[in-house]
Amino acid sequence: MDIINQKQNQITFSAEIDESLANAIRRYVDEIPIMAIDEVEISMNDSPLYDETIAHRMGLIPLKMDKKSSGKDEDLKLIAKKEGTVYSEELDGKIKPVYGNIPITVLKKGQELEILATARAGKGNEHVKFSPGLMFYRNLMKIKIDKDCPKEILNACPKEILRAEGGKVSVVDESKCDMCEECIEMCRKVGKNSIELTPTNELIITVESFGQIDEKDIFKRAIEILEEDLKEVAKKISK
């Protein structure tokens with residue numbers, strides 16, 4: 001595996017892996033237990049939003065999870081009386097929001113909001129609020145360019161991965177090619193067939209975290225849970 005790009009909450013890497021296995025790992029991302037607000041008791045709501053809307057918004061607020069997280073139910077309180085926007089950072093409890101600037105609702109002068117919420121562990125295949133993030137992938141492309149390739153295709157590529165060097169068109173970075181085929185279409189317009197795109201057995205995999213757990217841990221945990229289930233299947237087959 002080679003890391004191609006890494007930034008906050010996202011990592012992209014290449015790996016020679018079968019697509020069926022990559023898809024299985026992708027599906028098992030939603031098998032990772034994640035904490036989220038699952039029950040909301042609203043005792044006071046003077047805001048313009050319905051109770052159901054506020055409850056839905058609170059359920060989608062990502063909550064921090066670390067190695068010390070027990071997975072047990074945790075209570076969070078929200079008491080707001082000030083004028084202005086009520087943000088997720090105002091939730092009070094042992095478990096904290098990943099992002100404190102998520103707006104929940106708006107209060108005018110004299111209005112109040114009082115909520116008791118319960119966060120519990122769940123899985124993304126039950127509800128999206130329990131999802132830790134996303135995983136997607138595509139094939140690494142092998143790009144073959146003929147000597148007579150027209151210079152017009154340089155501006156056709158939206159990823160800007162082509163360049164003119166020594167009077168010839170060459171590729172800067174094949175890993176950025178998503179097979180949009182804009183370059184091929186441009187060649188066809190000028191009556192040429194100078195570029196060939198061929199999918200390889202190598203995949204470009206991107207894992208993006210919503211913030212509850214690290215993006216690397218998402219990939220590792222998905223594989224671990226998949227392995228556990230496969231072992232269980234193997235036991236039942238062997239009986």
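Bear in mind that the values in this text are calculations on the coordinates, not laboratory data. Owing to the predicted nature of the structure, the values given are computational and were not obtained by experimental measurement. Positions of Cβ are generated from backbone atoms using ideal geometry, with glycine treated the same way; all protein chains shown enter the neighbour counts.
If you take every residue apart from Gly133 with its C-beta less than 9 Å away from the C-beta of Gly133, what net charge results, scoring Lys and Arg +1 and Asp and Glu -1? So the surrounding residues net to -2.
Relative contact order, whole percent, for region 34-130 stands at 43, derived from Cα pairs under 8 Å and 6 or more residues apart. Charging the Cβ of each Asp and Glu at -1 and of each Lys and Arg at +1, and nothing else, the dipole of region 34-130 about its Cα centre rounds to 440 debye.
The residue among Tyr99, Leu60, Ala80 whose Cα reaches farthest toward the positive pole of the charge dipole of region 57-116, with charges on the beta-carbon of Lys, Arg, Asp and Glu, is Tyr99.
Assuming a ≥ b ≥ c are the square roots of the Cα gyration tensor eigenvalues, decide whether the chain counts as rounded (a/c under 1.5), prolate (otherwise, with a/b larger than b/c) or oblate.
Numbers: a/c = 3.51, a/b = 1.75, b/c = 2.01.
Oblate shape, in that a/c is at least 1.5 and b/c is the bigger or equal ratio.
Each of Asp30, Asp229 has some number of other Cβ atoms within 10 Å of its Cβ, and from fewest to most they run Asp229, Asp30. Taking every Cα-Cα distance in region 34-130 and sorting them into 5 Å bins from zero, the calculated P(r) comes out as 3, 14, 26, 26, 17, 9, 4, 2, 0 percent. Within the straight-line cut-off of under 18 Å between alpha carbons, the lysines reachable from Lys109 are Lys81, Lys82, sequence neighbours fewer than 8 places apart in one chain being disregarded. Taking a Cβ cut-off of under 9 Å around Ile102, the surrounding Lys, Arg, Asp and Glu residues balance to a net charge of 0, with basic ones at +1 and acidic ones at -1. Across region 76-179, C-alpha contacts under 8 Å between residues 6 or more apart give a mean separation that, scaled by the residue count, equals a relative contact order of 20 percent.
For the chain, relative contact order (Cα pairs under 8 Å, six or more residues apart, normalised by length) works out to 27 percent.
In straight-distance terms, cross-link reach from Lys142 covers every one of the lysines whose alpha-carbon lies under 18 Å from its own, apart from those fewer than eight places away in the same chain; here that gives Lys159, Lys168, Lys176.
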